[in-house]
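The values are calculated or read from the model by the stated rules, or taken from the named source; none is laboratory data. A quick note: this is a predicted structure, and the numbers were derived from the prediction, not measured. With ideal geometry, Cβ positions are generated from the backbone for all residues, glycine too; neighbour counts draw on all protein chains shown. SASA here: full protein model, heavy atoms, side chains in, ligands and nucleic acids out. Shrake-Rupley method; radii C 1.70, N 1.55, O 1.52, S 1.80 Å.
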Amino acid sequence: MLLDEIDPQHNLTEHDQQGYIGYINAIEQDANGHKCNRCGANESHCFYKHHCAKCQKECVYCRNCIMMGKSRSCTKLVLWAGTPLLFSPHPEPLQWQGELSDGQEAASNAVVEAILQNKEFLTWAVCGAGKTEVLFKGIAVALSKGNRVCIATPRTDVVLELAPRLKQAFPHTTTAALYGGSEEKSVCAQLVISTTHQLLRYYKAFDTIIIDEVDAFPYSVDRALQFAVEKSRREQSSLIYLTATPSNVMKKAMKANDLPFVTIPARFHRHSIPVPHLKWCGNWQKSFSKGNIPSSLLSWYLQKLQSKTPFLIFFPNIDLMNQNLTLFQKHYEKIEAVYAEDVNRKEKVSKLREGASLGLLTTTILERGITIPKLDVAVIGAEEAIFTESALVQIAGRVGRSAMYPSGDVVFFHYGKAREMLKAVKQIQSMNKEARERGLIDD
């Protein structure tokens, strides 16, 4: 585990002398330039040189991971160099009493096998398939051997959602939830639920790492986070990926048999995933600029208000959403808008969950991580670049997640069909077809 930076004049402690503590340069330099050993950055624009107050010389530091404190050329990183941390094996760590569907059971067995064989493995599961429960047996196998397990996700809110569920499922296992502001960072836990950013602090610490929502921002585009995952794995370890929308790179690896995988094409309640409807709504930007909600979207909106059906309306950008919020409030004064930097985001989403509000306008910030039993969704401007195949599949996946309300309405309002829209619809149809062929859904 990477612990901290130290001054080069650091005095040896008893642990140092006994070989328990090791050091590596925070910044290394070779013929190709600089490299940060904490985050893996090696691009020239990631480094800056200035007069250092610590070493009183010209010193290079990494700008890429500066939020964790300066990783600089005059300091070293501390790591545990003694015997790998071992935990006592527990014969029955899993106390979850639920049952898996047929699709979940097949995936669960495949995950167990990948963990036993220290392999990389992908679980491609549709939104609402119950991915967390699929992991339980694999985690239990690892914990029963005394291994250390990390479940990492790009987003803090997913950590906060997963932590209590895992603590309940594994009540006798030391567990810690790690994110910015976490109070459990000093806990030496066998089961860690963490944001991918926190893995920058670890070095060869885990026997099994599970990356939830591997396609999600920022992990999917941040090489430092991908470096952190590899750095925090032990040499003999398993790496399990979870996603409902694998990237094109992953799909190519799967097709070439370079990445073993299993699919869960059906939800646990054995109903098909609602297929989005594509509805032309004319020049929606022009309608909004004239102070009008596009007529087809307005009809959809009013119908949800009349039937008292909870809903989300996704916008392609914050400005458009905020500028037109008042148009929607004329028909329903309680409607609000949410986006990533909204300090009241959690409270607004809670109102929707609790029934205090009927709907929300939102950016793609709510394409993941929100589960409401009964919900319909609409996308305005679905042809815009922000609405990728992955985003649209995730948005559609908000609907029909409950066994009590397994169906629902998903509409992509557009001014022209885009390829990503068609690909999203095709992916959902393909999963439903596979689920029927495998006997995993009943409708």
Legend entry - THR123 modelled with pLDDT under 95 and of a type outside the set (A, V, I, L, M, F, W, C): no
Inset, instruction - Report, by residue number, each residue of segment 431-441 that is surrounded by 12 or more Cβ atoms within 10 Å (Cβ to Cβ) and not basic (Lys, Arg). - result: MET431, ASN432, GLU434, ALA435, LEU440, ILE441
Inset, instruction - Could you figure out which of (1) surrounded by 18 or more Cβ atoms within 10 Å (Cβ to Cβ); (2) closer than 13 Å to ARG223 by Cβ; (3) free of Cβ contacts under 8 Å to residues at least 60 places away in the same chain isn't true of VAL60? - result: (2)
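Considering only segment 133-148, I want to know if a residue exists there that is modelled with pLDDT under 90 and either open to solvent by 10 Å² or more (accessible area, probe 1.4 Å) or more than 17 Å from LEU191 (Cα to Cα) (or both).
Initial filter on segment 133-148 (modelled with pLDDT under 90): none.
Within segment 133-148 (the criterion being modelled with pLDDT under 90 and either open to solvent by 10 Å² or more (accessible area, probe 1.4 Å) or more than 17 Å from LEU191 (Cα to Cα) (or both)), the answer is no, since none of the residues qualifies.
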Legend entry - segment 279-313, residues that are within 17 Å of ALA337 (Cα to Cα) and not in a helix (DSSP H, G or I): ILE293, PRO310, PHE311, LEU312, ILE313
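Provide a single number: the residues in segment 286-303 that are surrounded by 15 or more Cβ atoms within 10 Å (Cβ to Cβ) and either polar (S, T, N, Q) or modelled with pLDDT under 95 (or both).
Of the residues in that region, 2 qualify.
Residues checked against (1) β-branched (Val, Ile, Thr); (2) over 27 Å from GLN190 (Cβ atoms); (3) surrounded by fewer than 17 Cβ atoms within 10 Å (Cβ to Cβ); (4) out of contact with any strand residue (DSSP E or B) (no Cβ under 6 Å at 6 or more places or on another chain):
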position	(1), (2), (3), (4)
LYS54	no, yes, yes, yes
ILE66	yes, yes, yes, yes
LYS76	no, yes, no, no
LEU79	no, no, no, no
PRO84	no, no, yes, yes
PHE87	no, no, no, yes
GLY98	no, no, yes, yes
SER101	no, yes, no, yes
Inset, instruction - For segment 16-34, state whether one or more residues are touching a strand residue (DSSP E or B) at 6+ places or on another chain (Cβ under 8 Å), in a loop (DSSP other than H, G, I, E, B) and modelled with pLDDT under 85. - result: yes
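For segment 175-187, state whether one or more residues are surrounded by 23 or more Cβ atoms within 10 Å (Cβ to Cβ), of a type in the set (Ser, Thr, Tyr) and touching a helix residue (DSSP H, G or I) at 6+ places or on another chain (Cβ under 6 Å).
We begin by selecting, within segment 175-187, every residue surrounded by 23 or more Cβ atoms within 10 Å (Cβ to Cβ); these are 177-178.
Going one step further and asking which of them are of a type in the set (Ser, Thr, Tyr), we end up with none.
Checked segment 175-187: no residue is surrounded by 23 or more Cβ atoms within 10 Å (Cβ to Cβ), of a type in the set (Ser, Thr, Tyr) and touching a helix residue (DSSP H, G or I) at 6+ places or on another chain (Cβ under 6 Å).
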Legend entry - Residue count, segment 248-278 (criterion: closer than 23 Å to PHE387 by Cβ, in a loop (DSSP other than H, G, I, E, B) and open to solvent by 20 Å² or more (accessible area, probe 1.4 Å)): 2
Inset, instruction - Looking only at segment 29-42, count how many residues are open to solvent by 50 Å² or more (accessible area, probe 1.4 Å) and within 20 Å of LEU199 (Cβ to Cβ). - result: 2
Legend entry - strands (runs of 3 or more DSSP E) wholly inside segment 357-415 that include at least 1 residues being among the acidic types (Asp, Glu) and open to solvent by 10 Å² or more (accessible area, probe 1.4 Å): 376-380
Inset, instruction - Working only within segment 416-429, note down all residues that are open to solvent by 30 Å² or more (accessible area, probe 1.4 Å), within 25 Å of the chain's Cα centre (by Cα) and under 23 Å from ASP376 (Cβ atoms). - result: GLU420, LEU422, LYS423, LYS426, GLN429
Inset, instruction - Note down all Cβ pairs under 8 Å where the first residue falls in segment 313-324 and is farther than 8 Å from THR364 by Cα, the second is of a type in the set (A, V, I, L, M, F, W, C) and assigned to a helix (DSSP H, G or I), and they're at least six residues apart or on different chains. - result: ILE313/LEU297; ILE313/PHE328; LEU320/PHE288; GLN323/PHE288; ASN324/PHE288
Inset, instruction - Being open to solvent by 20 Å² or more (accessible area, probe 1.4 Å) and either assigned to a helix (DSSP H, G or I) or small (Gly, Ala, Ser) (or both) is the filter here, so list the residues in segment 232-247 that pass it. - result: SER247
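For segment 183-203, check the following and say yes or no: at least one residue is of a type in the set (Ser, Thr, Tyr) and free of Cβ contacts under 8 Å to residues at least 24 places away in the same chain.
Here is the first cut: in segment 183-203, the ones of a type in the set (Ser, Thr, Tyr) are 186, 194-196, 202-203.
The next check asks that each one be free of Cβ contacts under 8 Å to residues at least 24 places away in the same chain; those that pass are 186.
Yes: segment 183-203 contains one or more residues that are of a type in the set (Ser, Thr, Tyr) and free of Cβ contacts under 8 Å to residues at least 24 places away in the same chain.
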